[in-house]
Amino acid sequence: MSVIARKYLARKAKRIKRQVRAANLSAAETALIVYDASDATTEKKARNYARFLKEEGIKADSIAFYKLKGKEDKRPEDELNYLYFDKKSINWMGFPKDTRVLKCIAKKYHLLIDLNFNNNFTLEVISSLSTANFKVGKSGMYQDEVCDLTIATKDNNLDYYLSQVSTYLKMINKK
């Protein structure tokens, strides 16, 4: 992404006021999962993880970028807690302009789980500008600065990463 967009994001992120509070799986009530739905396996794993969070008693929402593969391709339809957006929903710098996405960014969540393994700038914007109390992401890239907890992964393995997220979120604040 352009240098201008990165500087603009840094300036906007500095102005974000959020209350950082570690949240474990038993204490969190709401969660936001941020991911790229262009890959079908990532989409399936993110949905399964959202179901897992719901089974843990957490109201899980997800917001996903979908890269259109051709003129006939359409992004998936939004469902109850699954919000999808594509390139038409972002401006020339990569910032979301769709009101649904902006509302999701502004909403208070206990947890934000960043599944952005492909360095998608728009997903970086969402994670950076979210006011979630506790942000979890893959170590490396922008997540080291944005997230409160980063987890190293082996070969960008999403299954391993999600199992580690669950493990560490269960261990936080345990007495």
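Mean residue ellipticity at 222 nm, helices only, the chain: -10500 deg cm²/dmol; runs of at least 4 DSSP H residues each add -39,500 (n - 2.57), and the sum is divided by the number of residues. Shown here: volume of the Cα convex hull per residue in Å³, derived from the displayed model; of the candidates [x] 100; [y] 116; [z] 216, it corresponds to [y].
Taking the centroid of alpha carbons for each part, region 101-166 and region 33-57 are 13 Å apart. Relative contact order of the chain, taken over Cα pairs closer than 8 Å and 6 or more residues apart, is 25 percent. Which pairs, out of 17/54; 14/135; 17/88; 88/135; 69/138, put more than 21 Å between their alpha-carbon atoms? Beyond 21 Å: 17/54; 17/88; 88/135; 69/138. If the segment from residue 80 to residue 18 were pulled out straight at 0.36 nm per residue, it would be longer than the present Cα-Cα gap by 19.7 nm. Where both partners of a DSSP beta bridge lie in the chain, what percent of those bridges are antiparallel, to the nearest 5? Percent antiparallel among DSSP bridges in the chain is about 5.
FYI, it's all coordinate maths here, none of it is from the lab. Note that this is a predicted model, so its numbers are computed, not measured.
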